[in-house]
Each structure stands twice: as C-alpha cells, then as structure tokens.
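The structure appears below as structure tokens.
The values are calculated or read from the model by the stated rules, or taken from the named source; none is laboratory data. As the structure is a prediction and not an experimental result, all values here were calculated from the model. Here the Cβ positions follow ideal geometry from the backbone for every residue, glycine too, while neighbour counts run over all protein chains shown.
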Amino acid sequence: MKSVRVVIVGAGVIGFSTAVCISEALPFCSVTLMADKFSPDTTSDGAAGILFLHHIMQYDKVNILHGKICNDSFDHLLAIAQSQCQLILVPAVETPFWSEFVIGFRPMTDVELKRFPDHKFGQAFTTLKCECSTYLPWLEKRFRKAGGQVEQRKVNSLQELSNSFDIIVNCSGLGSKILVGDTQVYPVRGQVLKVEAPWVQHFIRDGDGKTYIYPGIRSVTIGGTRQEGDWRLQVDGGDTKGILERCSRLEPSLNKAKILSEWVGLRPSRKNPRVEREVVQLQGRPVPVVHNYGHGGWGVTLAWGTALDTLGLVKQSLHEMASQAKL
Ligand SMILES: Cc1cc2nc3c(=O)[nH]c(=O)nc-3n(C[C@H](O)[C@H](O)[C@H](O)COP(=O)(O)OP(=O)(O)OC[C@H]3O[C@@H](n4cnc5c(N)ncnc54)[C@H](O)[C@@H]3O)c2cc1C
C-alpha cells in the first residue's frame, strides 16, 4: 500500500524530470503529475534544447555550476543521447567558466574564423541538443512505468491540493507568478524560426546569445530574441526579419532556406531558479511545499540536476513527517 501522496504541478521539462526522479526513487509514494498544458503545448517543447549555460546562477547559496547541476544533467542526457553536435561560438577572448562542462572546448583556428569575418575570436566545443518534443513523451512513459499518474487540470491555488496530497512539488514555471504569488518571476520572450537547411551541420551561436543557428533532427532552429517582461505570444514580423538578417550574416547559405514554422515562448525567468522547501499552512494544516521553477533560458540544461535536488528536498520532508508522526 502506497502511503504518502505526492503531487507535482507542471508538465514541462522540469515537472516531468522531477516526477521521474521522485517516482523511481520513492516507490512507496503515490505520485501524481498535474498540469493544464502538456506536450506539445509547453514552453519546453519549443526550446532549442542546447545544453549550455551562459552565466552563473545560484540557489541555496551555491553556484549551480559548482553544485554539480550541469554535470548531473549532462551525464543523464549523454547516457540516453543518440548523438552530439559541435557548436561554434563567437564571443570574447577569455576562457569562459562553463568550458569544463562541455566537451572538447578550444579556441577556433584561424581557418575556422575566416567563416566569420565580423568576429575576431571564436570558441568551438561539443555539447548535446535535447529536443523536448520527443524527450517529454519519453519522460512521461518512464514516469507511468514507475507507477506515476497524470491528470490534466489547472490548479488555481495550493489550497485545492491540500486535502488530497501530503507533499506538493511546484514545477509550474512562469505559472508560479500567480500560483505561489512570486513577484520575482518574469517572462523573457523568445521568438525562433524553424527552417529547412539540411546542409547546416554545426551549431553557431553569437557571443551575445541573441543570434543562434541550431541544427536539429528534422529542421534547423534559428533565433532569436530576449525581450524581458514581454508577455506577447504572437509572432512579430519585425522579429522574424531581424532573425533572418542576423542569422544569414553568420551563415549566408540560410538566405535560400525555406521557413517551416515560427514560434514564440516565454522563458520562466528569475534572478536565480527557486529550488527550496517550505511548510505552508493550507486548510489549517502544515503541508510541505517543494519548489523547482524559474530556470529562465536554461531549463533543459538544468532540468535533471535540479530534479535530483528536488528529490533530496522531498526526502527531507518525508523524514520530518516521519519524526513528527513518532511524537
Ligand atoms: C526560444 C527559447 C529557446 C530556448 N532554448 C533553450 C536551450 O537551448 N537550452 C535550454 O536549456 N533551455 C532553453 N530554453 C529555456 C527552456 O525552454 C525553459 O527553461 C524550460 O522550458 C522551463 O521548463 P518548465 O518545465 O519550468 O516550464 P514549462 O515548459 O513552461 O512548463 C510549465 C508547466 O506548468 C504548468 N502550469 C503552470 N501553471 C499551472 C497551474 N496553475 N496549474 C496547472 N499547471 C500549471 C504548465 O501547464 C506547464 O505544463 C529556451 C526557451 C525559449 C523560449
């Protein structure tokens, strides 16, 4: 008999990674994942899914890079990945802090740099690309196999869940702004295009992170925009024009590529992701709530690592519940 009832809110890459970690590690718990949107309609579905981190983030006073989060995610995806791809980046001259977590980091050669006449420096490395439109259904299957249940439902407040569940895990991304009233969460709008350009073999990313070309399984994703505080989900014609111009400057052959689709997603941003535990009074009783949201433009990169940390926080809540039950 499963004794502890855990609910996870959110069906993006953070919610499903967390659900898999909890259901597999804690078979005595009954685990339900609840969300109003599922694949293919989440933000995660549209992410390019490149494993890469541009700046150091922190939670629990620990730098994410030093906290093994990136390495945990990288190792997990490397184990299930079909292929890796080479990324060419064109930023400043010094060695960046993330160079140790990607594979084969090196400065570009003069011959390679000749392809980018607007740039004086370049860096080349290999990383993974995880496309969530196939990864999320795979995670869902794994979650169900471990006994997890899935329910489509909008959660209007945590109170709604407190009678049916013993532990609430909040992976609602941008939804946390309303669900838990977090004023620090904000959208960073990203527009991308999918184009047909099978001859493009390497990832190319400009140093400011706003212009990138990421070849995928069926198409090449080109982008992008980073518009802070912008909630618009509709495609902007001006952005499309700008993306095509900037990407064609980096890779002129894209001029003849056919546009297959355009997409806008809102990165669930926060100064640092919130991965922490609290006890909230709901319907007159204390309920452990574990948060895992606010991963901004790096959710695919950080998902498995923060899911493992969230599992640790759920275990702490279980220990606390067990010792309180003994009193
Ligand atoms: C253009 C673009 C490119 C990107 N590229 C990359 C990249 O290359 N690499 C990378 O690592 N990251 C990238 N990202 C970032 C990545 O997409 C996000 O960090 C990640 O998707 C966040 O995942 P999530 O599960 O927190 O959020 P989401 O995918 O938005 O999922 C949130 C879930 O919570 C549910 N939810 C919310 N509120 C409620 C509620 N009240 N009740 C019920 N359910 C609720 C939603 O329905 C949904 O299921 C990119 C993002 C964009 C926009």
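Structure notes:
- Of all the criteria given as (1) under 28 Å from GLU320 (Cα atoms); (2) assigned to a helix (DSSP H, G or I), the one not satisfied by ILE168 is (2).
- On the stretch given as the range 259-282, residues that are away from the ligand (no atom under 14 Å from the Cβ) and under 16 Å from TYR186 (Cβ atoms) total 1.
- Condition check for PRO268: within 30 Å of ASN163 (Cβ to Cβ) and either within 23 Å of the chain's Cα centre (by Cα) or part of a loop (DSSP other than H, G, I, E, B) (or both): yes
- Scanning the range 182-204 for residues that are modelled with pLDDT of 95 or more and within 12 Å of the ligand (Cβ to nearest atom) returns ASP182, VAL185, PRO187, VAL188, ARG189, GLY190, GLN191, VAL192, LEU193, LYS194.
- The listed residues are GLY209, GLY190, and the only one of them that is in a strand (DSSP E or B) and in contact (Cβ under 8 Å) with a residue 40 or more places away in the chain turns out to be GLY190.
- Residue list for the range 242-258, restricted to those being outside any strand (DSSP E or B) and away from the ligand (no atom under 15 Å from the Cβ): LEU244, GLU245, SER248, ARG249, LEU250, GLU251, PRO252, SER253, LEU254, ASN255, LYS256, ALA257
- Scan of the range 106-125 for residues that are surrounded by fewer than 18 Cβ atoms within 10 Å (Cβ to Cβ) and in contact with a Phe, Trp or Tyr (Cβ under 9 Å, 6 or more places away or on another chain), ordered by number: ARG106, PRO107, LEU113
- Here GLY297 meets each of (1) away from the ligand (no atom under 16 Å from the Cβ); (2) modelled with pLDDT under 95 with one exception, condition (1).
- Out of VAL150, VAL188, VAL155, one residue alone is within 13 Å of VAL7 (Cα to Cα) and surrounded by fewer than 19 Cβ atoms within 10 Å (Cβ to Cβ). It is VAL150.
- Within the range 300-310, if we keep just the residues that are buried (at least 22 other Cβ atoms within 10 Å of the Cβ) and within 18 Å of GLU24 (Cβ to Cβ), the residue that is nearest to the ligand (Cβ to nearest atom) turns out to be ALA303.
- Every pair of residues 6+ apart whose Cβ atoms lie under 8 Å, when the first sits in the range 8-24 and is within 12 Å of LEU139 (Cα to Cα) and assigned to a helix (DSSP H, G or I) while the second is more than 6 Å from the ligand (Cβ to nearest atom) and of a type in the set (S, T, N, Q): ILE14/ASN292; ILE14/THR306; SER17/THR306; THR18/ASN292; THR18/THR306; THR18/THR310; CYS21/THR310
- When the range 212-231 is limited to residues that are in contact with a strand residue (DSSP E or B) (Cβ under 6 Å, 6 or more places away or on another chain) and not in a strand (DSSP E or B), the one that is farthest from GLN184 (Cα to Cα) turns out to be SER219.
- Among residues of the range 254-265 that are among the β-branched types (Val, Ile, Thr), those with a Cβ under 9 angstrom from a residue that is modelled with pLDDT under 95, sequence gap 6+ or separate chain, pair up as VAL264/GLY46.
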